[in-house]
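Please treat every number below as a calculation from the coordinates, not as lab data. Nothing here was measured: the structure is a model prediction, and the numbers come from that model. Neighbour counts run over all protein chains shown; Cβ positions are idealised from the backbone, glycine included.
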Amino acid sequence: MDGNLWVSGVVYGLSMGSIFFLLAAGLSLCFGLMRIISLDQLLYYSLGAYVAYQVSVSTGLVWPGILCGALAAGLVSLAVERWVFYRIYAREITFTMITSFGVLMAGVGAIKYLWGLVPRPMGIPIEAQVAVLGAPVPVYRLLVIGVAVAVYGLIQWVLNRTIVGTAIRAAVEDVDQVEGLGVDVYRLFTGTFVGAGVLSGLAGALHGPLVMVDPQMGLEVVPFVFMVVIIGGLGSLKGTLVSAFLVGQVVSLGSLVYAPLAQMAPFAAMLLILLWKPTGLYGSALVRR
Amino acid sequence: MNGRVRWWAGVLVPFGLLAAGRWFLPLPFLVEVLVFSVYTMACNFLLGRVGFISFGQPAYLAAGAYGTAFYLFYAGRDPLLGIAAGVATGLAVSALVGLVFVRLRSDYFALVNLALAVIVYHLLQKVLAPWTRGDNGLWFLDRMTATPWVDLTRPEGFVWFAWGVAVAVWALYKYLDDTVFGACCLATKTNEDKVKFLGYHDFAVRWAAFVLANTTAALAGSLYGVYFGFVSPDMASAARAADPVVVTILGGTGTLYGPLVGSLAYVGMKDLVSGVVGNWEFFVGVLLVVIMLAGERGIWGTLEPWLRRRWAWRRPAPALQE
């Protein structure tokens, strides 16, 4: 097969994996710290994409649009955290899963109301292409990969080098102890939740130019994000990064080999991994409940 | 004797009301409510009795629908046998995957089922396309022959058949609540170690419950298939995966009338709100959040104590005499 095709396939897979990572990282952090499964991250993803679309269409500037998308997602996630999640942190996981699904559904309905049902095309900020190993590759996709790697570095730095990060890591191990030390864990929760919302919004805003912006985009990506989180192990950031790129590659390269299987292969892989290792690749026994 | 009358009254009164609705509710609405309530009863049993939350019900719905469709499209013409074929397919699929799935705990269980729905969707849409005709779906409305008594091929007859099936399924689940099996299901939900200590095989109990519920979902799928005379991979779409769970909670998890009330509310909202505003999802979503925050009792769970009080206030005598 054509070598160029493979190179662009790998880049395509990496950029898709980056989007998955940005989404799944927030989900994974929320699970690790608060023990919630926050399906509404998918809402912030759609919202980020729509705000980015709106700003880029009205002003013609795509990069500020992407920034606005991430910020708007953060604001909405703050509101949802205050009004909904703040009351239900103590409940079991399935409870949070269902409630957050309600938030997601309401949000998708609101988006349909505001922007209509028709998918909208969004302008791509950088049209240029560069040659990687002789194959033409869009610069924008490389930038998306760069952003994901930078975000991974940033989260690792926050978690390992700052006092807030230390508190978060400690709270993942034992919330009660951290609270006993005088840390206001609810502020940690709020911060983490909003951080996750911003990342999801960023993922949507970055993904917008690559696909059409459409009200169902959040629901369409649900299975993939969950697959990433589960393969990587709930609560493990490193696992999330590895599995996001893995899933991106399976989808992208799989479609080069045999198109019908591409969307299905990762799910079969996830089933096998779960049955063999129910906590995922990097999930620790500690996270298991 | 008295107890049996009351037992059946509990089944027949709500469904009698629904049957009476035949004369003032639009027909497609009634059929949708009935079939959806069968679909939701399965989910209600899983969620309320066994403690399984499944985001993969569309997979079993599609298994039933396609079992029916394959029979009616390629082999026979009798819709009743078609429904039997659909139920058999659902039974086979859920019995097989159940062996693997019921080992997992609640949140993983939900997501593995979601993965199954996605796999089934792509199987139907792409991999098995030579037989399923992909997105075009299978049309067999004119292939079905009329059945005696109630004609399943016509909506006027089908609504009564769907009504009968819903009553039967509902009576089955009501009956199960009183049996040892039902008690075991409830016990695995609360404390599976104690179930083991009592000498019951908790894996077998959960597996049987899983198979039973998902076969019911497949039954709902084959009902849809026969009603529309058409199936498409959209039945297994992951975008609709949470519907039965949402409706179960809307109605009231684990309550007997919950699925019925929930389906009525859900389908009603879908029809009414989408006619007026156009985005019913917003209202369903908000309602779901409100119900969860208000103590997750659902519509029926909230209404029931209120109705009971009124009932008791009107006629306190019989309860005292017993």
* Asked: Ranked by Cβ crowding within 10 angstrom, fewest neighbours first, how are B:156, B:32, A:220 ordered?
  -> B:156, A:220, B:32
* Asked: So which lysines pass the test for residue A:277, namely a Cα distance under 20 Å, with those fewer than 8 places away in the same chain ruled out?
  -> A:238
* For residue B:234, net neighbour charge (Lys/Arg +1, Asp/Glu -1) across residues whose Cβ lies under 15 Å away -> 0
* To do: Enumerate the helices in chain B for which the Kyte-Doolittle hydropathy averages -1.0 or more and the C-alpha atoms extend at least 30 Å along the helix's axis, using complete DSSP H runs.
  => B:79-101, B:155-177, B:202-228
* What helices does chain A hold that run 24 Å or longer along their axis, going by alpha-carbon atoms, with a Kyte-Doolittle average of -0.5 or more, using DSSP H for the helix calls? -> A:3-34, A:41-59, A:62-80, A:93-115, A:139-161, A:185-207, A:237-257
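Projected area of chain B, taken from the Cα convex hull and averaged over every viewing direction, in nm²? The partial results should precede the final answer.
Values: hull surface 74.8 nm².
Spelled out: convex hull of the Cα atoms, projected over all directions, averaged, 18.7 nm².
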* Taking chain A as a Gaussian network, where each spring joins two C-alpha atoms under 10 Å apart, which residue of A:69, A:109, A:195 fluctuates the most? -> A:109
* For every other residue with a beta carbon closer than 15 angstrom to the beta carbon of residue A:221, add +1 if it is Lys or Arg and -1 if Asp or Glu, then tell me the sum. => -3
* Find the Cα radius of gyration of the protein assembly as shown, compare it with 2.2 N^0.38 Å by division, and give the number to two decimals. => 1.00
* Out of B:305, B:259, B:58, any idea which swings most in a Gaussian network model of chain B, alpha carbons joined below 10 Å? -> B:305
* At a Cα cut-off below 25 Å, give the lysines reachable from residue B:270, other chains included and same-chain residues fewer than 8 away excluded. => A:112
* Structure fact -> The correct pair for the range A:3-218, radius of gyration to one decimal and Dmax as a whole number, both in Å and from Cα atoms, is 18.3, 59
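Could you please report the charge total around residue A:85, scoring K, R as +1 and D, E as -1 over all other residues with beta-carbon less than 13 angstrom from its beta-carbon? Before the final figure, lay out each step's value.
Numbers: positive: A:35, A:82, A:87, A:91; negative: A:40, A:81.
The answer is +2.
Taking 0.36 nm per residue of sequence separation and subtracting the Cα-Cα distance, how much length would be gained by fully extending the chain between residue A:149 and residue A:4, in nm to one decimal? It would help to have the intermediate numbers written out before the result.
Details: separation 145, 0.36 × 145 = 52.20 nm, distance 2.40 nm.
Stretched fully, the residue A:149-residue A:4 segment lengthens by 49.8 nm.
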* To do: Return the single residue from B:205, B:286, B:35 with maximal mean-square fluctuation; model: Gaussian network over chain B, springs between Cα atoms under 10 Å.
  => B:286
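Which value in deg cm²/dmol, rounded to the nearest 500, describes the helix-derived mean residue ellipticity at 222 nm for chain B, given -39,500 (n - 2.57) per DSSP H run of n ≥ 4 and division by the residue count? Mind showing how you got there, number by number?
Numbers: 15 runs with 226 residues, N = 322.
Roughly -23000 deg cm²/dmol at 222 nm, from the helical runs in chain B.
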* Asked: What nm value, rounded to one decimal, do you get for the distance between residue B:24 and residue A:186 when each label is placed 7 Å out toward the C-beta?
  -> 4.8
* **Spatial separation of Cα centroids for the range A:16-62 and the range B:45-80, in angstrom** => 34
* To do: Give, as ranges by residue number, the residues of the range A:185-216 whose backbone N falls under 15 Å from the point 7 Å along Cα→Cβ of residue A:164.
  => A:185-199
